[in-house]
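A.B. asks: Before I ask anything, let me first share the structure, which is written out below as structure tokens.
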Amino acid sequence: MINTIIKKITYPVILSGLFYRIVKTMFLQIGKGRIVIRKTILHQIYFCAVEILLLLGTIGIIFGALVIIQSLAQLSKVGGSEALGQFLVVIIIRELGPMITAIIVILHSGTAIATEVGYMTVLGDIRAITMRGIDPIHFVAVPRLLGLTIGMLSLLIYFDVVALLGGFLVSWFFTGIPFYNFIMNVATIIGGDDIMIGFIKAAFFAAIIVVICIFRGFGVEGKITKLPVAISRSAIECFLFILIVDIIISAIFYL
């Protein structure tokens, strides 16, 4: 019981140490295995971002529409329909954009990373890489961190744009607001801080996903029966840590 409590307390410290090692390795071994690393980064960007554009776009339109429908229902009671742009900025760009994007990436790419690294550990690929004098952190973790971070930032921009367009379509249908007026309303409300905070959240979320999934993949310890448990734990832990970090970042900038 005591050992379990200690492990849970020290777990964030262990993850922080792994993240520090990944970043340190990224700078210390820059240029080594450039072709392989670049190929892995591009593959990660394609798998993380390009393959889920249709899914994320559909979800963005749905959420943008839902936000507008609920906002119209509430604002019309107090005569504040002109505040639709502000609601979109606050709810989508500050909160829903980074969070929904992160959840989709966890389900699509995070679990895939945990599975891939887990199989590499079980089949002895990690051991073989180490015996050849190659740092598995540099070969496995660094390109996935870079690729997933680039993919997350790109997907965040994509989700925000699609959600805003979806919100416009619904607001135009119900209120007849012209596209120019809608865009100008959003543009006057959105600030540099909103965009910066969205990017900060996306970068932190990407780091959390990669570090946890890499850690769980390395921790399979040669037993393939532990792989499903590692995958499920990585997804749950990613979601939990993202919620905590999201609250902390929002509290720092908005309270």
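Quick note: the coordinates plus some simple rules give every number you see, no bench work behind them. From a predicted model like this one, the values you see are computed outputs, not experimental measurements. Positions of Cβ are backbone-derived with ideal geometry, glycine not excepted, and every protein chain shown enters the neighbour counts.
A.B. asks: Once the piece of chain linking Val36 and Lys223 is laid out straight, how much longer is it, given 0.36 nm per residue of separation minus the C-alpha distance between them?
C.D. replies: 64.5 nm
A.B. asks: With the dipole of the chain worked out from charges on the C-beta (+1 for Lys and Arg, -1 for Asp and Glu) around the Cα centre, which of Gly57, Leu156, Tyr46 lies farthest toward the positive end?
C.D. replies: Tyr46
A.B. asks: Once fully extended, how much extra length lies between Gln70 and Ile195, figured as 0.36 nm per residue of separation less the alpha-carbon to alpha-carbon distance? Don't skip to the answer; put the middle values down first.
C.D. replies: Details: separation 125, 0.36 × 125 = 45.00 nm, distance 2.34 nm.
So the extension gain works out to 42.7 nm.
A.B. asks: Here is a follow-up. Given Ala203, Leu107, Val220, which one lies farthest toward the positive end of the charge dipole of the chain, if we put +1 on the Cβ of every Lys and Arg and -1 on the Cβ of every Asp and Glu?
C.D. replies: So the residue furthest toward the plus end is Val220.
A.B. asks: To the nearest 20 debye, what charge dipole does region 2-254 have about its Cα centre, counting +1 at the Cβ of each Lys and Arg and -1 at the Cβ of each Asp and Glu?
C.D. replies: Here region 2-254 has a charge dipole of around 1020 debye.
A.B. asks: Karplus couplings for region 198-207 from phi (6.51 cos²θ - 1.76 cosθ + 1.60, θ = phi - 60°), rounded to Hz, Gly and Pro as x?
C.D. replies: Result, rounded to whole Hz: x, 5, 4, 4, 4, 5, 5, 4, 4, 4.
A.B. asks: Let me ask something else. Which label marks the calculated value of percent of Cα pairs over 29 Å apart, given the options (i) 29; (ii) 26; (iii) 38?
C.D. replies: Only one option fits the structure, namely (iii).
A.B. asks: Counting other beta carbons within 10 Å of each Cβ, put Phe139, Phe239 in order, fewest first. List each step's numbers first, then the result.
C.D. replies: On the way: Phe139 22, Phe239 19.
Fewest-to-most Cβ neighbours within 10 Å comes out as Phe239, Phe139.
A.B. asks: May I pose another question? Angle check, please: helix 142-175 long axis (alpha carbons) against the longest principal axis of the chain (alpha carbons), in degrees 0 to 90, nearest 10.
C.D. replies: Computed tilt is about 20 degrees.
A.B. asks: Here's another thing I want to ask about it. In percent, what relative contact order does the chain have, based on Cα pairs under 8 Å that are 6 or more apart in sequence?
C.D. replies: 33
A.B. asks: Checking the table Lys24/Lys201; Lys201/Lys223; Lys8/Lys201 against a 32 Å threshold on Cα-Cα, which pairs fail?
C.D. replies: Long pairs (Cα-Cα over 32 Å): Lys201/Lys223.
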